[in-house]
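**Student:** Sharing a structure below in structure tokens format, with a few things to ask.
Since every read-out is calculated from the coordinates, none of them should be taken as a lab result. What you see is a predicted model, and the numbers here were worked out from it, not measured in a lab. When we count neighbours, we look across all protein chains shown, and the Cβ atoms used for this are built from the backbone with ideal geometry, even at glycine.
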């Protein structure tokens, strides 16, 4: 959506290395924001982003307006069943409908051979793979590992909302996920998801600036179906959303 950081640029470099032509899209998509979310204040810096992409050898930048993508008579949306029942879907009703619609539209317009996404938005990645499979799209979806700051904080455009004090505390989010991973990998038997969840929440609550824990979810890595237990052989996707001060942060880890 823009406000490009090193996580985005890592995807661009990979795309540049693996393809003859690279197209980047920048579009702050209104349909994936809820009524009380940050659509209006989401950082927009199109010229800066354009310069960064040009420096990395991007051939084309597609940066449509809202009217280009959603004209006054627009009535068609892609509504993926079941994703509003995931933890992120419950926290952000309608979000995945907006994501599914805009990704479908962008794929139809650009017609990419390969499309690159970051693992930080884990549920979104599962959703996009589901769309491509269900709608018989000829697109190869490539998911790259989450890019992190040196202290573990997942890179995000919304990190710019953090005050210096909040930024100093923010690594607690990744630390909580690492504690869960250590718990599972150290066990020779399956660990109850409730125990994994409690471990994550305990670490988060050790930081006074964490003002809310929206969810800690333990799911199947491929389907986002909730798991009752986790074992180190099959693994899981552990994801969370919390608020640090007033800033909503998400992160996940794969076991």
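**Student:** Expressed in nm to one decimal, what extension gain is obtained for the pair residue 136 and residue 150 from 0.36 nm per residue of sequence separation less their Cα-Cα distance? Each step should come with its number before you reach the end.
**Tutor:** Working: separation 14, 0.36 × 14 = 5.04 nm, distance 3.95 nm.
1.1 nm is the gain from fully extending residue 136 to residue 150.
**Student:** Quick check on the exposure proxy: order 116, 60 from fewest to most C-beta atoms within 10 angstrom. Walk me through the numbers on the way to the answer.
**Tutor:** Values: 116 21, 60 11.
Going from sparsest to densest Cβ surroundings: 60, 116.
**Student:** In whole angstrom, note down how far apart the Cα centers of segment 190-255 and segment 127-142 are.
**Tutor:** 26
**Student:** Multiply the residue gap between residue 85 and residue 232 by 0.36 nm, knock off their C-alpha separation, and tell me the result in nm, one decimal place.
**Tutor:** 50.4 nm is the gain from fully extending residue 85 to residue 232.
**Student:** Could you check how many percent of all C-alpha pairs in the chain are farther apart than 30 Å?
**Tutor:** Details: 9286 of 32385 pairs.
Tail of P(r) above 30 Å: 29 percent of Cα pairs.
**Student:** So, R0 is 51 Å and r is the distance between the beta-carbons of residue 39 and residue 186; what FRET efficiency does that work out to, to 0.05?
**Tutor:** The pair residue 39/residue 186 has a calculated efficiency of 0.75.
**Student:** While we're here: If we count other beta carbons within 10 Å of each Cβ, what is the order of 150, 187, fewest first?
**Tutor:** The order, fewest Cβ neighbours first, is 150, 187.
**Student:** Working from Cα positions, state the angle (0 to 90°, nearest 10) between the long axis of helix 46-55 and the longest principal axis of the chain.
**Tutor:** Approximately 90 degrees, to the nearest 10.
**Student:** Turning to a different aspect of this structure: Looking at the P(r) of segment 32-113, how many percent of alpha-carbon pairs lie beyond 18 Å?
**Tutor:** Value for segment 32-113 (Cα pairs over 18 Å): 58 percent.
**Student:** Here's something else I'd like to know. Angle between the Cα long axis of helix 172-185 and the longest principal axis of the chain, 0 to 90 degrees, nearest 10?
**Tutor:** With both axes taken from Cα atoms, the answer is about 60 degrees.
**Student:** Can you give the Rg and Dmax of segment 157-254 based on its C-alpha atoms, in angstrom?
**Tutor:** Both quantities, over Cα of segment 157-254: 13.7, 42 Å.
**Student:** How high is the relative contact order of segment 157-254? Use alpha-carbon pairs under 8 Å, at least six apart in sequence, and give a whole percent.
**Tutor:** That works out to 30 percent.
**Student:** How much length, in nm to one decimal, is gained on full extension between residue 48 and residue 72, taken as 0.36 nm per residue of separation minus their Cα-Cα distance?
**Tutor:** Working: separation 24, 0.36 × 24 = 8.64 nm, distance 2.97 nm.
Additional length available on full extension: 5.7 nm.
**Student:** May I ask you to derive the relative contact order of the chain, considering only C-alpha pairs under 8 Å and at least 6 residues apart, and to give it as an integer percent?
**Tutor:** 16
**Student:** Under 10 °C and 1.306 mPa s, how fast does segment 6-144 diffuse according to Stokes-Einstein, given a Kirkwood radius computed over C-alpha pairs? Answer in µm²/s, whole number. Walk me through the intermediate numbers first.
**Tutor:** Working: Rh = 16.0 Å.
Answer, rounded: 99 µm²/s.
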